[in-house]
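Input: a single structure, listed below in C-alpha coordinates.
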Amino acid sequence: MTAGEITSVGTAGAAPEHVEGRGAWLKKLPVVHQLRQSVGLQRGMLVAGIVLTVAFVLVAVFAPVLAPFGWSQLRDLDGAFGAQQPPSAEHWFGTTVGGYDVLSRVVWGARTALLVVLVAVLSSIVVGVLLGLVSGYFGGWLDRVLVVIADAVYAFPSLLLAILLAIVISGGQSSMWGGILAAALSITVVFVPQYFRVVRAEVVRIKAEAFVDSARVLGTGHWRIMTRHVLRNSTRTLPLIVTLNASEAILTLAGLGFLGFGIEPTAAAEWGYDLQRSLSDVTSGIWWTALFPGLAIVLAAMGMTLVGESLNDLADPRLRSRARSGQVSGAVAATAVGESVEADASDPANPAAAEPREPNPKGDDA
(Lines give C-alpha, C1' and ligand atoms only; values in the text may rest on other atoms or scores of the structure.)
Protein backbone atom coordinates (compact mmCIF):
# COMPACT_ATOMS: atom_id res chain seq x y z
CA MET A 1 0.00 0.00 0.00
CA THR A 2 1.42 3.36 -1.02
CA ALA A 3 1.57 6.47 1.14
CA GLY A 4 -1.20 8.08 -0.86
CA GLU A 5 -3.49 5.12 -0.30
CA ILE A 6 -2.74 5.16 3.45
CA THR A 7 -3.54 8.87 3.61
CA SER A 8 -6.81 8.44 1.71
CA VAL A 9 -7.89 5.54 3.93
CA GLY A 10 -6.96 7.32 7.15
CA THR A 11 -8.85 10.50 6.28
CA ALA A 12 -11.89 8.88 4.69
CA GLY A 13 -13.77 8.62 7.97
CA ALA A 14 -12.98 12.21 9.00
CA ALA A 15 -14.05 13.77 5.73
CA PRO A 16 -17.82 13.88 6.45
CA GLU A 17 -17.29 15.55 9.84
CA HIS A 18 -15.05 18.15 8.23
CA VAL A 19 -17.61 18.86 5.54
CA GLU A 20 -20.50 19.06 8.02
CA GLY A 21 -18.54 21.13 10.52
CA ARG A 22 -19.63 24.38 8.95
CA GLY A 23 -23.30 23.73 9.65
CA ALA A 24 -22.80 22.01 13.00
CA TRP A 25 -23.86 25.11 14.95
CA LEU A 26 -27.24 25.08 13.18
CA LYS A 27 -27.85 21.43 14.05
CA LYS A 28 -27.19 22.11 17.74
CA LEU A 29 -29.98 24.68 18.08
CA PRO A 30 -32.66 23.48 20.55
CA VAL A 31 -35.58 23.01 18.17
CA VAL A 32 -33.45 21.98 15.16
CA HIS A 33 -31.67 19.29 17.18
CA GLN A 34 -34.94 17.81 18.43
CA LEU A 35 -36.43 18.00 14.93
CA ARG A 36 -33.59 15.89 13.55
CA GLN A 37 -33.95 13.49 16.46
CA SER A 38 -37.72 13.04 16.20
CA VAL A 39 -39.41 10.32 14.16
CA GLY A 40 -42.93 9.33 13.21
CA LEU A 41 -45.78 10.94 15.11
CA GLN A 42 -43.41 12.97 17.28
CA ARG A 43 -41.93 14.61 14.19
CA GLY A 44 -45.39 15.31 12.80
CA MET A 45 -46.49 16.97 16.06
CA LEU A 46 -43.30 19.01 16.27
CA VAL A 47 -43.50 20.16 12.65
CA ALA A 48 -47.17 21.11 13.03
CA GLY A 49 -46.40 23.05 16.20
CA ILE A 50 -43.49 24.87 14.58
CA VAL A 51 -45.59 25.82 11.54
CA LEU A 52 -48.43 27.20 13.70
CA THR A 53 -46.03 29.06 16.00
CA VAL A 54 -44.05 30.59 13.14
CA ALA A 55 -47.28 31.64 11.43
CA PHE A 56 -48.49 33.28 14.65
CA VAL A 57 -45.20 35.17 15.08
CA LEU A 58 -45.12 36.31 11.44
CA VAL A 59 -48.70 37.57 11.61
CA ALA A 60 -47.89 39.47 14.82
CA VAL A 61 -44.70 41.01 13.43
CA PHE A 62 -46.20 42.03 10.08
CA ALA A 63 -49.58 43.09 11.47
CA PRO A 64 -49.36 46.65 10.03
CA VAL A 65 -48.84 45.16 6.56
CA LEU A 66 -51.36 42.31 6.77
CA ALA A 67 -54.22 44.12 8.51
CA PRO A 68 -56.43 46.00 6.02
CA PHE A 69 -57.58 48.49 8.69
CA GLY A 70 -56.63 49.68 12.16
CA TRP A 71 -57.81 47.80 15.24
CA SER A 72 -60.20 50.62 16.21
CA GLN A 73 -61.05 51.88 12.73
CA LEU A 74 -64.79 52.21 12.06
CA ARG A 75 -64.88 53.83 8.63
CA ASP A 76 -62.92 54.37 5.45
CA LEU A 77 -63.27 56.68 2.47
CA ASP A 78 -66.53 55.01 1.49
CA GLY A 79 -68.14 55.59 4.87
CA ALA A 80 -68.80 53.54 8.01
CA PHE A 81 -68.27 49.81 7.92
CA GLY A 82 -71.56 48.94 9.55
CA ALA A 83 -72.22 46.57 12.43
CA GLN A 84 -72.42 42.78 12.05
CA GLN A 85 -71.82 42.79 8.32
CA PRO A 86 -71.28 39.25 6.89
CA PRO A 87 -67.99 38.28 5.21
CA SER A 88 -67.62 39.97 1.83
CA ALA A 89 -64.98 41.24 -0.57
CA GLU A 90 -64.58 44.44 1.46
CA HIS A 91 -64.46 42.66 4.82
CA TRP A 92 -63.23 39.08 4.47
CA PHE A 93 -64.17 38.10 8.03
CA GLY A 94 -67.12 40.47 8.38
CA THR A 95 -67.57 43.14 11.03
CA THR A 96 -68.30 43.04 14.76
CA VAL A 97 -71.25 44.36 16.73
CA GLY A 98 -69.25 47.52 17.34
CA GLY A 99 -68.54 48.00 13.64
CA TYR A 100 -64.89 46.89 13.66
CA ASP A 101 -63.34 44.80 10.91
CA VAL A 102 -62.95 41.24 12.25
CA LEU A 103 -59.87 40.41 10.15
CA SER A 104 -58.06 43.52 11.32
CA ARG A 105 -58.93 42.80 14.95
CA VAL A 106 -57.66 39.23 14.62
CA VAL A 107 -54.36 40.29 13.02
CA TRP A 108 -53.70 43.10 15.48
CA GLY A 109 -54.70 40.80 18.33
CA ALA A 110 -51.80 38.52 17.39
CA ARG A 111 -49.37 41.37 18.03
CA THR A 112 -50.96 42.10 21.42
CA ALA A 113 -50.74 38.43 22.40
CA LEU A 114 -47.11 38.19 21.28
CA LEU A 115 -46.10 41.27 23.29
CA VAL A 116 -47.77 39.91 26.42
CA VAL A 117 -46.12 36.50 25.94
CA LEU A 118 -42.66 38.03 25.49
CA VAL A 119 -42.91 40.35 28.50
CA ALA A 120 -44.45 37.68 30.73
CA VAL A 121 -42.04 34.88 29.82
CA LEU A 122 -38.90 37.01 29.93
CA SER A 123 -39.87 38.53 33.29
CA SER A 124 -40.69 35.09 34.68
CA ILE A 125 -37.36 33.68 33.53
CA VAL A 126 -35.33 36.51 35.02
CA VAL A 127 -37.08 36.51 38.40
CA GLY A 128 -37.64 32.75 38.68
CA VAL A 129 -34.13 31.72 37.63
CA LEU A 130 -32.49 34.29 39.91
CA LEU A 131 -34.53 33.27 42.94
CA GLY A 132 -34.05 29.56 42.21
CA LEU A 133 -30.30 29.99 41.82
CA VAL A 134 -29.87 31.90 45.07
CA SER A 135 -32.24 29.64 47.02
CA GLY A 136 -30.74 26.37 45.82
CA TYR A 137 -27.12 27.45 46.16
CA PHE A 138 -27.13 29.04 49.61
CA GLY A 139 -29.99 27.10 51.22
CA GLY A 140 -30.73 27.81 54.88
CA TRP A 141 -33.61 29.92 56.12
CA LEU A 142 -33.79 31.89 52.86
CA ASP A 143 -34.39 28.68 50.93
CA ARG A 144 -37.16 27.59 53.28
CA VAL A 145 -38.94 30.94 53.10
CA LEU A 146 -38.78 31.11 49.30
CA VAL A 147 -39.99 27.52 48.94
CA VAL A 148 -43.01 28.19 51.15
CA ILE A 149 -43.90 31.35 49.23
CA ALA A 150 -43.48 29.62 45.87
CA ASP A 151 -45.64 26.69 46.94
CA ALA A 152 -48.36 29.03 48.20
CA VAL A 153 -48.42 31.01 44.94
CA TYR A 154 -48.27 27.83 42.85
CA ALA A 155 -51.21 26.32 44.73
CA PHE A 156 -53.35 29.42 44.14
CA PRO A 157 -55.63 29.30 41.04
CA SER A 158 -53.65 30.96 38.27
CA LEU A 159 -56.54 32.73 36.50
CA LEU A 160 -58.00 34.06 39.76
CA LEU A 161 -54.58 35.34 40.79
CA ALA A 162 -54.15 37.02 37.41
CA ILE A 163 -57.57 38.70 37.77
CA LEU A 164 -56.70 40.04 41.22
CA LEU A 165 -53.35 41.38 40.07
CA ALA A 166 -54.86 42.91 36.93
CA ILE A 167 -57.38 44.79 39.08
CA VAL A 168 -54.67 45.97 41.47
CA ILE A 169 -52.23 47.02 38.74
CA SER A 170 -54.51 48.65 36.18
CA GLY A 171 -57.92 48.87 37.81
CA GLY A 172 -59.33 46.34 35.36
CA GLN A 173 -58.69 48.20 32.08
CA SER A 174 -56.11 50.66 30.82
CA SER A 175 -54.25 51.84 27.75
CA MET A 176 -52.43 49.58 25.31
CA TRP A 177 -49.03 49.42 27.01
CA GLY A 178 -50.58 49.73 30.45
CA GLY A 179 -52.88 46.82 29.74
CA ILE A 180 -50.08 44.76 28.20
CA LEU A 181 -47.80 45.35 31.19
CA ALA A 182 -50.61 44.66 33.63
CA ALA A 183 -51.56 41.41 31.93
CA ALA A 184 -47.91 40.40 31.53
CA LEU A 185 -47.01 41.13 35.17
CA SER A 186 -50.07 39.30 36.44
CA ILE A 187 -49.07 36.28 34.34
CA THR A 188 -45.46 36.64 35.49
CA VAL A 189 -46.40 36.15 39.13
CA VAL A 190 -48.15 32.92 38.14
CA PHE A 191 -45.16 31.59 36.17
CA VAL A 192 -42.32 32.54 38.55
CA PRO A 193 -42.87 29.56 40.92
CA GLN A 194 -42.51 27.12 38.03
CA TYR A 195 -39.10 28.42 37.01
CA PHE A 196 -38.09 28.76 40.64
CA ARG A 197 -38.85 25.14 41.49
CA VAL A 198 -37.19 23.70 38.38
CA VAL A 199 -34.01 25.77 38.68
CA ARG A 200 -33.74 25.27 42.45
CA ALA A 201 -33.97 21.48 42.09
CA GLU A 202 -31.23 21.47 39.46
CA VAL A 203 -29.00 23.80 41.49
CA VAL A 204 -29.33 21.61 44.61
CA ARG A 205 -28.24 18.61 42.54
CA ILE A 206 -25.41 20.31 40.67
CA LYS A 207 -23.81 22.11 43.63
CA ALA A 208 -22.95 18.70 45.13
CA GLU A 209 -20.96 17.65 42.04
CA ALA A 210 -17.19 17.24 42.13
CA PHE A 211 -16.41 20.08 39.72
CA VAL A 212 -18.20 22.57 42.01
CA ASP A 213 -16.20 21.34 45.01
CA SER A 214 -13.02 21.66 42.95
CA ALA A 215 -13.90 25.26 42.10
CA ARG A 216 -14.40 26.02 45.80
CA VAL A 217 -11.03 24.45 46.68
CA LEU A 218 -9.33 26.61 44.05
CA GLY A 219 -10.74 29.70 45.76
CA THR A 220 -13.37 30.63 43.17
CA GLY A 221 -15.95 33.10 44.44
CA HIS A 222 -19.60 32.27 44.94
CA TRP A 223 -20.79 34.54 42.15
CA ARG A 224 -18.46 32.98 39.59
CA ILE A 225 -19.41 29.45 40.67
CA MET A 226 -23.10 30.30 40.48
CA THR A 227 -22.92 31.89 37.02
CA ARG A 228 -20.17 29.91 35.28
CA HIS A 229 -20.64 26.42 36.71
CA VAL A 230 -24.05 26.00 38.31
CA LEU A 231 -26.33 28.22 36.21
CA ARG A 232 -25.05 26.96 32.85
CA ASN A 233 -25.86 23.37 33.82
CA SER A 234 -29.22 24.00 35.47
CA THR A 235 -31.16 25.71 32.67
CA ARG A 236 -31.33 22.89 30.12
CA THR A 237 -35.03 22.23 30.68
CA LEU A 238 -36.09 25.88 30.44
CA PRO A 239 -36.94 25.75 26.69
CA LEU A 240 -39.56 23.12 27.47
CA ILE A 241 -41.17 25.27 30.16
CA VAL A 242 -41.00 28.40 27.99
CA THR A 243 -43.03 26.86 25.17
CA LEU A 244 -45.66 25.49 27.52
CA ASN A 245 -45.90 28.75 29.48
CA ALA A 246 -46.21 30.75 26.26
CA SER A 247 -49.39 28.88 25.34
CA GLU A 248 -50.68 29.27 28.90
CA ALA A 249 -49.97 33.01 28.72
CA ILE A 250 -52.14 33.31 25.60
CA LEU A 251 -54.98 31.48 27.31
CA THR A 252 -54.63 33.57 30.48
CA LEU A 253 -54.67 36.80 28.46
CA ALA A 254 -57.74 35.61 26.59
CA GLY A 255 -59.40 34.70 29.89
CA LEU A 256 -58.72 38.16 31.32
CA GLY A 257 -60.17 39.82 28.23
CA PHE A 258 -63.17 37.50 28.16
CA LEU A 259 -64.01 38.35 31.79
CA GLY A 260 -63.64 42.07 31.14
CA PHE A 261 -60.30 42.66 32.91
CA GLY A 262 -58.17 43.02 29.80
CA ILE A 263 -57.29 45.85 27.46
CA GLU A 264 -59.78 48.45 26.28
CA PRO A 265 -60.95 47.83 22.69
CA THR A 266 -59.92 51.31 21.58
CA ALA A 267 -56.42 50.87 23.00
CA ALA A 268 -55.51 47.55 21.34
CA ALA A 269 -57.11 44.49 19.80
CA GLU A 270 -57.51 41.50 22.10
CA TRP A 271 -58.99 38.13 21.17
CA GLY A 272 -60.63 37.41 24.51
CA TYR A 273 -62.54 40.67 24.55
CA ASP A 274 -63.75 40.18 20.97
CA LEU A 275 -64.90 36.66 21.83
CA GLN A 276 -66.84 37.91 24.85
CA ARG A 277 -68.57 40.62 22.82
CA SER A 278 -69.67 38.10 20.21
CA LEU A 279 -71.49 35.72 22.56
CA SER A 280 -74.84 37.36 21.95
CA ASP A 281 -74.27 37.19 18.18
CA VAL A 282 -74.08 33.40 18.15
CA THR A 283 -77.72 32.98 19.20
CA SER A 284 -78.76 35.29 16.36
CA GLY A 285 -76.97 33.25 13.71
CA ILE A 286 -74.04 35.67 13.40
CA TRP A 287 -71.17 33.18 13.52
CA TRP A 288 -68.22 35.12 12.06
CA THR A 289 -67.70 37.46 15.01
CA ALA A 290 -66.97 34.55 17.36
CA LEU A 291 -65.41 31.98 15.00
CA PHE A 292 -62.29 33.80 13.91
CA PRO A 293 -61.11 35.20 17.30
CA GLY A 294 -61.78 31.83 18.91
CA LEU A 295 -59.96 30.02 16.12
CA ALA A 296 -56.98 32.34 16.51
CA ILE A 297 -56.77 31.55 20.24
CA VAL A 298 -56.98 27.81 19.61
CA LEU A 299 -54.37 27.73 16.83
CA ALA A 300 -51.84 29.94 18.62
CA ALA A 301 -52.12 28.03 21.90
CA MET A 302 -52.15 24.64 20.15
CA GLY A 303 -49.03 25.44 18.13
CA MET A 304 -46.97 26.31 21.20
CA THR A 305 -48.41 23.39 23.14
CA LEU A 306 -47.46 20.92 20.40
CA VAL A 307 -43.90 22.27 20.37
CA GLY A 308 -43.63 22.07 24.15
CA GLU A 309 -45.09 18.58 24.42
CA SER A 310 -42.90 17.28 21.59
CA LEU A 311 -39.76 18.72 23.19
CA ASN A 312 -40.81 17.21 26.51
CA ASP A 313 -41.23 13.75 24.95
CA LEU A 314 -37.89 13.97 23.17
CA ALA A 315 -36.12 15.06 26.35
CA ASP A 316 -37.36 11.97 28.20
CA PRO A 317 -35.42 8.83 27.17
CA ARG A 318 -38.36 6.66 28.23
CA LEU A 319 -40.72 8.41 25.80
CA ARG A 320 -38.26 9.06 22.99
CA SER A 321 -38.46 6.63 20.11
CA ARG A 322 -35.54 6.19 17.75
CA ALA A 323 -35.59 5.14 14.16
CA ARG A 324 -33.90 1.89 13.38
CA SER A 325 -31.01 2.58 11.08
CA GLY A 326 -29.92 -0.05 8.62
CA GLN A 327 -26.65 1.68 7.92
CA VAL A 328 -23.45 0.75 9.74
CA SER A 329 -20.72 3.32 10.22
CA GLY A 330 -17.60 2.44 8.30
CA ALA A 331 -16.91 -0.48 5.99
CA VAL A 332 -19.12 -3.51 6.52
CA ALA A 333 -16.23 -5.88 5.84
CA ALA A 334 -14.26 -4.26 8.62
CA THR A 335 -17.07 -4.50 11.18
CA ALA A 336 -18.92 -7.72 10.34
CA VAL A 337 -17.43 -10.75 12.06
CA GLY A 338 -18.67 -13.31 9.58
CA GLU A 339 -17.36 -11.51 6.54
CA SER A 340 -14.01 -10.83 8.18
CA VAL A 341 -13.58 -14.54 8.89
CA GLU A 342 -14.44 -15.42 5.30
CA ALA A 343 -12.05 -12.76 4.06
CA ASP A 344 -9.24 -14.19 6.20
CA ALA A 345 -10.02 -17.70 5.03
CA SER A 346 -9.90 -16.70 1.38
CA ASP A 347 -6.65 -14.81 1.76
CA PRO A 348 -3.72 -16.90 0.40
CA ALA A 349 -1.30 -15.05 2.61
CA ASN A 350 -3.13 -16.22 5.72
CA PRO A 351 -1.41 -19.33 7.16
CA ALA A 352 -4.66 -20.52 8.71
CA ALA A 353 -6.32 -20.54 5.32
CA ALA A 354 -3.89 -23.19 3.97
CA GLU A 355 -4.52 -25.63 6.84
CA PRO A 356 -7.55 -27.88 6.28
CA ARG A 357 -9.99 -28.14 9.11
CA GLU A 358 -10.50 -31.63 10.52
CA PRO A 359 -14.07 -32.67 11.19
CA ASN A 360 -15.12 -32.82 14.80
CA PRO A 361 -15.97 -36.35 15.83
CA LYS A 362 -18.71 -35.12 18.15
CA GLY A 363 -20.45 -33.25 15.36
CA ASP A 364 -19.96 -29.83 17.05
CA ASP A 365 -18.00 -26.92 15.73
CA ALA A 366 -14.48 -26.61 17.08
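The values are calculated or read from the model by the stated rules, or taken from the named source; none is laboratory data. On a predicted model such as this, the values are computed, not experimentally measured, just so you know. All Cβ positions, even for glycine, are placed from backbone atoms using ideal geometry, and neighbour counts span all protein chains on display.
Couple of notes before you dig in:
- Pairs with Cβ under 7 Å, 6+ apart, first in segment 111-127 and under 20 Å from Pro64 (Cβ atoms), second modelled with pLDDT of 90 or more and surrounded by fewer than 19 Cβ atoms within 10 Å (Cβ to Cβ): Leu114/Val57
- Residue list for segment 194-224, restricted to those being of a type in the set (A, V, I, L, M), assigned to a helix (DSSP H, G or I) and free of Cβ contacts under 8 Å to residues at least 60 places away in the same chain: Ile206, Ala210, Val212, Ala215, Val217
- Taking the listed residues Thr266, Thr188, Thr243, the one that is of a type in the set (Val, Ile, Thr), surrounded by 22 or more Cβ atoms within 10 Å (Cβ to Cβ) and touching a Ser or Thr at 6+ places or on another chain (Cβ under 7 Å) is Thr188, with no other qualifying.
- For segment 285-302, a residue qualifies if it is without any contact (Cβ under 8 Å) to a residue 60 or more places away in the chain and not in a helix (DSSP H, G or I), and the qualifying residues are Gly285, Trp287.
- Residue selection: Leu77 fails the criterion of being touching a residue at least 60 places away in the same chain (Cβ under 8 Å), farther than 27 Å from Thr283 by Cβ and surrounded by fewer than 20 Cβ atoms within 10 Å (Cβ to Cβ).
- Every residue from segment 138-185 that is modelled with pLDDT under 80 and among the hydroxyl-bearing types (Ser, Thr, Tyr): Ser158, Ser170, Ser174, Ser175
- Among the residues making up segment 257-276, those that are in a helix (DSSP H, G or I) and either at pLDDT 85 or above or of a type in the set (S, T, N, Q) (or both) are Phe258, Trp271, Gly272, Tyr273, Asp274, Leu275, Gln276.
- Residue list for segment 44-78, restricted to those being farther than 18 Å from Trp92 by Cβ, of a type in the set (A, V, I, L, M, F, W, C), in contact with a helix residue (DSSP H, G or I) (Cβ under 9 Å, 6 or more places away or on another chain) and at pLDDT below 90: Met45, Leu46, Val47, Ala48, Ile50
- Of Leu295, Leu231, all but one fail to be aliphatic (A, V, I, L, M) and modelled with pLDDT of 80 or more; the exception is Leu295.
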